[in-house]
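The structure under discussion appears below in the form of structure tokens.
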Amino acid sequence: MAASSTSPSPATAGHHAPRPNTAGTTAPSARMSEPPLGAIGMARPRVEGTAKVTGAVRYAADEPMSELAHGWVVTSTVTRGRIRDIDTSATLAMPGVLGVLDHSNAPRLNLDAGSFFGPDGGMHLLQNDEIPHSGRPIALVVAETAEQARSAAMALRVTYDKEPYDVDFSLEHPAARPATAFFGEDATVGDVEMEMAASTVVVDERYVTPEAHGAAMEPHSATVWWEDERLQVIDSNQGPFLVAMTVATLFRLDPKQVRVRSPHVGGGFGSKSGGCGPQLVLAVMAATMFNRAVRVTLTRSQVFQTVSMRPATDQRVRIGADAYGRLRAIDHTAAFEVSNLADYLENCTELSNTLYAAQAIRTRRTAVPVDILPPYSVRGPGATPGSFALESAMDEVAERLRMDPLELRLRNEPRVGPVSGLPFSRRNLVTCLREGARRFGWATRDCQPRTRSDGHLLVGTGMAATSFSAGALPSTASITAEAGGDFTVAIGASDIGTGARTALTAVAAEALRVDPERIRLLIADSDLGPAWSAGGSRGTTSWSWAITGAAAKLRSQPAGATLPLTVSFDTTESLGALPPMERHSYSAVFCEVAVDPATGEVRVRRLLGTFAVGRVINPLLARSQLVGGMIMGLSMALHEEGVRDPATGRHVNGDFADYHIAAHADIPDIEADFVPDYEPGDPSGIKGVGEIGTVGTAAAIANAVWHATGRRHRTLPIRPDRVLEEPPPQ
Amino acid sequence: MKEFSYQRPGQVREALALAADDGARFLGGGTNLVDLMKDGIETPTRLVDVRGLPLDGVRDAPDGGLVIGATTTNSDAAAHPEVRRRYPALSQAVLAGASGQLRNMATVGGNLLQRTRCGYFADRSQPCNKRSPGSGCSAIAGEHHNHAILGWSDHCVATHPSDMTVALIAFDAVVHYETLDGTHEIPLSEFYPPVGETPQRETMLPSGALITAVTLPGAAASPRSRYRKVRERASYAFANVSVAAALDVNEGVVQGARIALGGLASRPLRAHAAESALRGAPATADRFGVAADAELSAARPLRDNAYKVTLARNLIVAVLTELAHPAE
């Protein structure tokens, strides 16, 4: 069907993940021969919940250490240029100061180190005098206490030679270039222009989303020391194994020399997934230089300045449809910011390739290099801003056809991947749409905008459909059958607050046919072997597959084996043997908003999502994650925005007073529920739930604001000043 | 962070003596001062903690008004039954500010003295005339989406962040303070000088003076008063625009009005022009709009904050309409 198309496989359609080897031939193992025990599907509170709410767990900056030194990061105050001089004299004379690291004395790094997208200059700190973006770490002041380090850092005298900068991103930017085809080529199916010409209605609009930050509650922190020729690291990240590999590459160490642990992580949202955070790069340098244990913890402001964000996007979507609402053509051009320091793909057109049937589909992804920190995955990368554009445009098609936007979606269900031509593993979007509409009471909705009010408020409803690519990535687990009848399950997984410990305990218990009480789960340690990160909605699927594989291997051991007995299982071959298919989770999101046209205030009154996310391991935790995702989508629709200074190009709202995330008072009653679903390409039938809650929500809210007011908001966030209406002339 | 000494006196005279040093600052709840100290914006050599002084609590004034002690927390002031009964807009204003945790710490005296939330003021790497006189104003050409539209000068376009003072100024509040020379008072309407060429001079309070109380005159009691604040999320954000108002309507005619505006200038503004335009006028939305226009005709919006003119106008009309027609 497609001459040139993406080819969804577990790795390709989604997320910043390496491609699995597709040449393997081994069939997925761990086929169940006995009925499951029922550990999966049970609503259990998270195993570390009590320890967390009583403050007993230790996050990366909490670990007590003797002889610990502290590093304080100094960041550039100019947007582009060169460091003329760093005068350390006053700083070095201050109490407790051990030294200052800067480009004149820092260890030299391997400049090949980076992410899946290639070398990442964002990690190559203190290597030269160049300032590539505002907030660039330019020095680390190391002292006996954090207070001394901070105080001494304030005394550092840095002078710059400023150079012109460019942070003025747009689709028309002269430096715009085709984006990396890391997740497959752009789509070219059918004749878009011919289909547009034959369409009854054509929507052709631009949609703009701002820079957005992960905004995890726990600021990034790393503690590093050398111990018997091994680098020991406690770091706040989303995947200790991949971080350890990155550190080894960056510092030219044998991977066996690096051990990274991340026992508890206070949220990631992508901001702790980009290989190796600045806190860790600098802490390793300082621990090496001063031969001390060193802790570097970023302030909130430094997190905003130095940790990757979602890039701004500028998208043009054209959709042509016939009078019946069948799509003839989808043409989606998506530009996003990249840094001059590293490549990256914000894969905004992902949903346009797979969500709806159309005679012609064309997608074009455009990268625009500007003088900013390298962007990276944040909360449903690509799909989230892409969904806002696509699902807003679909609502505009429905508007022009005077058609129910729900019905428009139902009329465009594809039988196979519209671009790939591949079959869907399990496509339950229609169930989500119908069940969500039933629960929400959608059927009585008047499609005309600005017809409902409540006092002086305008009331409207909106919806969006969405998908998110599902799959798993190579990981290794080992299980030890202990002499006492317990099982030790070890995997380099990461629990960033989602409940991974609890979910994986249930998966192991079911796979081993034992009570969860018998499972001792070890995670969050790179020494436990290769494992994928908590990212791309692929953490639980990747780790569960490895655990079920190891459990099957253990159960196939001959009876009477000597205990303890350890087996391990690497999923690489099984994943490679999966037939290529369109594998996605699905959701439909419905919402009601009230808008005060006099003040521009938008309040979401109701938000309901129905989700097809495969088999649900733990409904309590999965629902919590989906509700959290919908809150992030609400926050994206109405609040979040990284603001740059028009006069200096610097990021100016880097704290939680000014970078607005939704407050509790913004959050209505949110309903999230599941429709029956199962992923045949996964041994446990599961798909990820990490990101799909976020993806469709912003468009559903924007569509509801249109329905309430009659005005489209194609630029996020939908701030009061953008909604506010002039009073009618007297 | 610079080293400083800390003292917690039990008597006002003692506090004033301790604060006679140039580098001394009074510490209330510390919700603003301590943050600014961490960032090196405020660099006191001595902190004189006023929370041990006998200045806490709300009591009746002889004229039927209230005396609110300077160290009364924002939470206690907002929750006080007589504040809520006689000056409900004040209670609403305090509750519209900050968060529960901050209001439990922050004091009424400290609230009057809080510094602007202009991002350039808090960023030592950038010019700011308020922080570093003569260095320039970064906001005029920079990010000023939530800056002033009224009363600003080429030296500073920052706004005053307090919600509480907007309601206080609507109620003709008076600030009481003490110096080593004795006790003094100043109407809140005169407490904040115009920006002019000295944005670093934020209040008329003499150096070393200690705010002891804020009084609300009995004549200003307005059991039907209202505070409304528009901001970019439902809680925990500074105002884009806020309005405190009370309206006295008899048989459809406005007898008197109290209107104050927040988020528009370097200080809370009493809307005298709007109040005059309303006196004797019919209590209709049209006339409310005329009154709002009278006040806002002086507005000089910056490049990116013209929305505040419309927002302020609409908000004044909305609040007055609500007060005139409580059933709607």
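The values are calculated or read from the model by the stated rules, or taken from the named source; none is laboratory data. As the structure is a computational prediction, the values presented were derived from the model and not from experiment. Cβ: placed from backbone, ideal geometry, glycine included. Neighbour counts: every protein chain shown. With ligands, DNA and RNA removed, areas are computed over all heavy atoms of the protein, side chains included. Shrake-Rupley method; radii C 1.70, N 1.55, O 1.52, S 1.80 Å.
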Original post:
Has the stretch A:126-135 got any residue that is over 32 Å from the mean Cα position of the chain (by Cα) and closer than 30 Å to A:GLN238 by Cβ?
Top reply: no
Original post:
What tally of residues in the stretch A:624-665 results from selecting those that are assigned to a helix (DSSP H, G or I), surrounded by fewer than 24 Cβ atoms within 10 Å (Cβ to Cβ) and facing another protein chain (nearest Cβ under 8 Å)?
Top reply: 2
**OP:** Determine if the stretch A:384-398 includes at least one residue that is in the same structural domain as A:ALA698 (by TED's automatic domain parsing), touching a strand residue (DSSP E or B) at 6+ places or on another chain (Cβ under 9 Å) and open to solvent by 10 Å² or more (accessible area, probe 1.4 Å).
**Re:** no
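Would you mind stating whether A:GLU671 is crowded, with 24+ Cβ neighbours inside 10 Å, under 22 Å from A:ARG44 (Cα atoms), assigned by TED's automatic domain parsing to the domain that holds A:GLY460 and touching a helix residue (DSSP H, G or I) at 6+ places or on another chain (Cβ under 9 Å)? Working first, answer last.
Numbers: crowded, with 24+ Cβ neighbours inside 10 Å: no; under 22 Å from A:ARG44 (Cα atoms): yes; assigned by TED's automatic domain parsing to the domain that holds A:GLY460: yes; touching a helix residue (DSSP H, G or I) at 6+ places or on another chain (Cβ under 9 Å): yes.
So A:GLU671 does not fit the description; no.
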**OP:** Any chance you could count how many residues in the stretch B:1-26 are touching a helix residue (DSSP H, G or I) at 6+ places or on another chain (Cβ under 7 Å) and free of Cβ contacts under 8 Å to residues at least 24 places away in the same chain?
**Re:** 1
Original post:
Could you list, in sequence order, the residues of the stretch B:241-260 that are crowded, with 24+ Cβ neighbours inside 10 Å and out of contact with any helix residue (DSSP H, G or I) (no Cβ under 6 Å at 6 or more places or on another chain)?
Top reply: B:ALA246
Original post:
Regarding B:ALA237, is this residue more than 14 Å from chain A (Cβ to nearest Cβ) and either crowded, with 19+ Cβ neighbours inside 10 Å or not aromatic (Phe, Trp, Tyr) (or both)?
Top reply: no
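Hey, can you tell me all the residues within the stretch A:602-616 that are closer than 30 Å to A:GLY685 by Cβ and either within 14 Å of another protein chain (Cβ to nearest Cβ) or in contact with a Pro (Cβ under 7 Å, 6 or more places away or on another chain) (or both)? Break it down stepwise before answering.
The initial filter retains those residues of the stretch A:602-616 that are closer than 30 Å to A:GLY685 by Cβ, namely A:607-616.
Residue satisfying the conditions is A:LEU607 alone.
Just checking, does the stretch A:681-691 include any residue being free of Cβ contacts under 8 Å to residues at least 60 places away in the same chain and surrounded by fewer than 24 Cβ atoms within 10 Å (Cβ to Cβ)? Outline the logic, then answer.
Taking the stretch A:681-691 and keeping what is free of Cβ contacts under 8 Å to residues at least 60 places away in the same chain, we get none.
No, the stretch A:681-691 contains no residue that is free of Cβ contacts under 8 Å to residues at least 60 places away in the same chain and surrounded by fewer than 24 Cβ atoms within 10 Å (Cβ to Cβ).
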Original post:
Within the stretch A:105-151, which residues are in contact (Cβ under 8 Å) with a residue 40 or more places away in the chain and assigned to a helix (DSSP H, G or I)?
Top reply: A:ALA146, A:GLN148, A:ALA149, A:ARG150, A:SER151
**OP:** Quick one: in the stretch A:159-195, of everything that is buried (at least 20 other Cβ atoms within 10 Å of the Cβ) and not in a loop (DSSP other than H, G, I, E, B), which residue is nearest to the other protein chains (Cβ to nearest Cβ)?
**Re:** A:VAL192
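Can we say A:PRO530 is within 28 Å of A:VAL378 (Cβ to Cβ) and at pLDDT 95 or above? Show your work before the answer.
Details: within 28 Å of A:VAL378 (Cβ to Cβ): yes; at pLDDT 95 or above: yes.
It is true that A:PRO530 is within 28 Å of A:VAL378 (Cβ to Cβ) and at pLDDT 95 or above.
Restricting attention to the stretch A:257-301, report how many residues are among the hydroxyl-bearing types (Ser, Thr, Tyr) and farther than 25 Å from A:GLN127 by Cβ. Steps first, answer last, please.
So in the stretch A:257-301, the residues among the hydroxyl-bearing types (Ser, Thr, Tyr) come out as A:262, A:271, A:273, A:288, A:297, A:299, A:301.
Keeping just the survivors that are farther than 25 Å from A:GLN127 by Cβ gives A:262.
Of the residues in the stretch A:257-301, 1 are among the hydroxyl-bearing types (Ser, Thr, Tyr) and farther than 25 Å from A:GLN127 by Cβ.
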Original post:
Given the conditions (1) under 19 Å from B:ASP60 (Cα atoms); (2) open to solvent by less than 30 Å² (accessible area, probe 1.4 Å); (3) assigned to a loop (DSSP other than H, G, I, E, B), which single one is not true for B:ILE211?
Top reply: (3)
**OP:** Residue by residue through the stretch B:1-44, note down the ones that are within 14 Å of chain A (Cβ to nearest Cβ) and assigned to a loop (DSSP other than H, G, I, E, B).
**Re:** B:MET1, B:LYS2, B:GLU3, B:PHE4, B:THR31, B:ASN32, B:ASP39, B:GLY40, B:ILE41, B:GLU42, B:THR43
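Does A:HIS707 satisfy being more than 9 Å from chain B (Cβ to nearest Cβ), in contact (Cβ under 8 Å) with a residue 40 or more places away in the chain, within 30 Å of A:LYS162 (Cα to Cα) and crowded, with 24+ Cβ neighbours inside 10 Å? Don't jump to the end; show me each part of the working.
Details: more than 9 Å from chain B (Cβ to nearest Cβ): yes; in contact (Cβ under 8 Å) with a residue 40 or more places away in the chain: yes; within 30 Å of A:LYS162 (Cα to Cα): no; crowded, with 24+ Cβ neighbours inside 10 Å: yes.
So A:HIS707 fails the test.
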**OP:** Please specify each residue of the stretch B:265-295 satisfying the condition of being closer than 27 Å to B:ALA139 by Cβ and either in contact (Cβ under 8 Å) with a residue 60 or more places away in the chain or among the aromatic types (Phe, Trp, Tyr) (or both).
**Re:** B:ALA265, B:SER266, B:ARG267, B:PRO268, B:LEU269, B:ARG270
**OP:** From (1) buried (at least 23 other Cβ atoms within 10 Å of the Cβ); (2) free of Cβ contacts under 8 Å to residues at least 24 places away in the same chain, pick out the condition that doesn't hold for A:GLY499.
**Re:** (2)
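Suppose we filter the stretch A:35-68 for residues that are among the acidic types (Asp, Glu), more than 28 Å from the chain's Cα centre (by Cα) and open to solvent by less than 50 Å² (accessible area, probe 1.4 Å); how many remain? Talk me through it step by step, then tell me what you get.
Applying the first criterion (among the acidic types (Asp, Glu)) to the stretch A:35-68 yields A:48, A:62-63, A:67.
Still in the running and more than 28 Å from the chain's Cα centre (by Cα): A:67.
Next, only the ones that are open to solvent by less than 50 Å² (accessible area, probe 1.4 Å) stay: none.
Total satisfying the criteria: 0.
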Original post:
Name the residues in the stretch A:579-601 that are out of contact with any Pro (no Cβ under 6 Å at 6 or more places or on another chain) and open to solvent by 10 Å² or more (accessible area, probe 1.4 Å), would you?
Top reply: A:PRO579, A:PRO580, A:ARG583, A:GLU592, A:PRO597, A:ALA598
**OP:** Identify all residues within the stretch A:429-463 that are touching a residue at least 24 places away in the same chain (Cβ under 8 Å), in a strand (DSSP E or B) and surrounded by 14 or more Cβ atoms within 10 Å (Cβ to Cβ); write none if there are none.
**Re:** A:ARG452, A:LEU457, A:LEU458, A:VAL459, A:GLY460, A:THR461, A:GLY462, A:MET463
Original post:
Do we have any residue at all in the stretch B:193-206 that's away from every other protein chain (no Cβ under 14 Å), more than 28 Å from B:HIS147 (Cβ to Cβ), surrounded by fewer than 24 Cβ atoms within 10 Å (Cβ to Cβ) and modelled with pLDDT of 95 or more?
Top reply: yes
**OP:** Could you check B:VAL67 against (1) in contact (Cβ under 8 Å) with a residue 40 or more places away in the chain; (2) within 20 Å of B:GLY30 (Cβ to Cβ); (3) touching a Lys or Arg at 6+ places or on another chain (Cβ under 6 Å) and say which number it fails?
**Re:** (2)
Original post:
Mind checking which residues of the stretch B:271-328 are hydrophobic (A, V, I, L, M, F, W, C), within 12 Å of another protein chain (Cβ to nearest Cβ) and outside any helix (DSSP H, G or I)?
Top reply: B:LEU302, B:ALA306, B:ALA327
Original post:
Within the stretch A:41-88, which residues are part of a loop (DSSP other than H, G, I, E, B), within 14 Å of another protein chain (Cβ to nearest Cβ) and among the β-branched types (Val, Ile, Thr)?
Top reply: A:THR77, A:VAL78, A:THR79
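One residue is enough: does the stretch B:164-171 have a residue meeting the conditions within 26 Å of B:GLY29 (Cα to Cα), free of Cβ contacts under 8 Å to residues at least 12 places away in the same chain and touching a Ser or Thr at 6+ places or on another chain (Cβ under 6 Å)?
Here is the first cut: in the stretch B:164-171, the ones within 26 Å of B:GLY29 (Cα to Cα) are B:164-171.
Imposing the further condition that a residue be free of Cβ contacts under 8 Å to residues at least 12 places away in the same chain reduces the set to none.
Checked the stretch B:164-171: no residue is within 26 Å of B:GLY29 (Cα to Cα), free of Cβ contacts under 8 Å to residues at least 12 places away in the same chain and touching a Ser or Thr at 6+ places or on another chain (Cβ under 6 Å).
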